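In what follows, a single structure is set out as structure tokens and then discussed.
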Amino acid sequence: MTNSPAPDHGRLFDVASEQGGYFTAAQARERGISTPLLSHHSRRGGRFIRVRHGLYRVREYPSSPREDVIAAWLAAGRDLAVVSHESALDLLDLSDVIPDAVHLTVPRANRYRRPIAGARIHTTTRPMREDEVVVRDGIRATSAERSIVDAAQAGTDPDQVATAVVQAVDRGLTTRSRLLDAARGRGRRVERLVQRALPQRSPA
């Protein structure tokens, strides 16, 4: 019989610190903190707060403006889901778009999951390429170009998309050629929108 690891609250806190104070039950178990122990510490005044099924927060951890995004992303599966569409634009500080929900993209095979309050789930039939994913504030999100074309295809205000294109190129988050490559295959409307928004002089 394999012995369970001893509870290591320090290591769990380190993980939670990289995720805005949040952690999953699975992450706790990997550090020797069982479900009964989680329940014990989640009772009134305990060190943890149970946010939803399988998701907890360190009670004394400072609040963060990204808490809703972090919580939804972890609930969807930190190794499966990425923040995307308008939520990724907001996370990357591109345009002034205000998402009406936390947009997440997961593999199509994982679409039948427990609903997540406040989240909008998108699916993809192919794995995200390494260059399509970035990490911001410890959160996995789609890259600038992927976020822009996803949002454009989903119907985000064209003015916001155009602003995101200009800002992304100006800040060196993407290039003209990468944006044009990302727009191909997304329909003529998306391609035209990206082409028109691109600065006349921008890095290749």
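The values are calculated or read from the model by the stated rules, or taken from the named source; none is laboratory data. Computed from a prediction, not measured in an experiment: that's the story for all the values here. Glycine gets a Cβ as well: all are built from the backbone with ideal geometry, and neighbour counts include every protein chain shown.
Working only within the range 101-117, note down all residues that are of a type in the set (S, T, N, Q) and at pLDDT below 95. Talk me through it step by step, then tell me what you get.
Taking the range 101-117 as the starting set, the residues that turn out to be of a type in the set (S, T, N, Q) are 105, 110.
Passing the criteria: only Asn110.
Does any residue of the range 29-47 turn out to be among the polar types (S, T, N, Q) and either under 30 Å from Ala168 (Cα atoms) or touching a helix residue (DSSP H, G or I) at 6+ places or on another chain (Cβ under 6 Å) (or both)? Working first, answer last.
Going through the range 29-47, the residues among the polar types (S, T, N, Q) turn out to be 34-35, 39, 42.
With the extra rule that they be either under 30 Å from Ala168 (Cα atoms) or touching a helix residue (DSSP H, G or I) at 6+ places or on another chain (Cβ under 6 Å) (or both), the set shrinks to none.
No, every residue in the range 29-47 fails to be among the polar types (S, T, N, Q) and either under 30 Å from Ala168 (Cα atoms) or touching a helix residue (DSSP H, G or I) at 6+ places or on another chain (Cβ under 6 Å) (or both).
Which ones in the range 62-81 are polar (S, T, N, Q) and surrounded by fewer than 13 Cβ atoms within 10 Å (Cβ to Cβ)? Give the derivation first.
At the first step, the residues of the range 62-81 found to be polar (S, T, N, Q) are 63-64.
Matches in the range 62-81: Ser63 only.
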From the list Arg120, Arg59, which residue is at pLDDT 90 or above, touching a strand residue (DSSP E or B) at 6+ places or on another chain (Cβ under 7 Å), surrounded by 13 or more Cβ atoms within 10 Å (Cβ to Cβ) and farther than 23 Å from Ala154 by Cβ?
-> Arg59
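Residue check: is Ile98 assigned to a loop (DSSP other than H, G, I, E, B) and modelled with pLDDT of 90 or more?
Working: assigned to a loop (DSSP other than H, G, I, E, B): yes; modelled with pLDDT of 90 or more: yes.
Considered against the rule, which asks whether it is assigned to a loop (DSSP other than H, G, I, E, B) and modelled with pLDDT of 90 or more, Ile98 comes out as yes.
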Here the qualifying pairs (Cβ atoms under 8 Å; residues six or more apart or on different chains; first in the range 93-116 and more than 23 Å from Asp157 (Cα to Cα); second among the aliphatic types (A, V, I, L, M) and in a loop (DSSP other than H, G, I, E, B)) come out as Val106/Leu80; Val106/Ala81; Pro107/Leu80; Asn110/Leu80
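Residues in the range 64-77 that are in contact (Cβ under 8 Å) with a residue 40 or more places away in the chain and assigned to a loop (DSSP other than H, G, I, E, B): how many?
Here is the first cut: in the range 64-77, the ones in contact (Cβ under 8 Å) with a residue 40 or more places away in the chain are 64, 66-76.
From what is left, the residues that are assigned to a loop (DSSP other than H, G, I, E, B) are 64, 66.
Summing the residues that are in contact (Cβ under 8 Å) with a residue 40 or more places away in the chain and assigned to a loop (DSSP other than H, G, I, E, B) in the range 64-77 gives 2.
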Conditions: (1) surrounded by 12 or more Cβ atoms within 10 Å (Cβ to Cβ); (2) without any contact (Cβ under 8 Å) to a residue 40 or more places away in the chain; (3) at negative phi. Gly187 meets all but one. Number of the miss?
-> (3)
Within the range 4-63, count every residue that is assigned to a loop (DSSP other than H, G, I, E, B) and among the charged types (D, E, K, R).
-> 8
Unique residue being over 30 Å from Ser84 (Cα atoms) and acidic (Asp, Glu) when the list is Asp8, Asp14 | Asp8
Is it true that Asp100 is surrounded by fewer than 19 Cβ atoms within 10 Å (Cβ to Cβ) and farther than 27 Å from Ala75 by Cβ?
-> no
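Please work out if Ala75 is in contact with a Phe, Trp or Tyr (Cβ under 8 Å, 6 or more places away or on another chain), farther than 13 Å from Ala141 by Cα, assigned by TED's automatic domain parsing to the domain that holds Arg146 and at pLDDT below 95. I'd like the intermediate steps shown before the answer.
Values: in contact with a Phe, Trp or Tyr (Cβ under 8 Å, 6 or more places away or on another chain): no; farther than 13 Å from Ala141 by Cα: yes; assigned by TED's automatic domain parsing to the domain that holds Arg146: yes; at pLDDT below 95: yes.
Taking the combined requirement at face value, the residue does not satisfy it.
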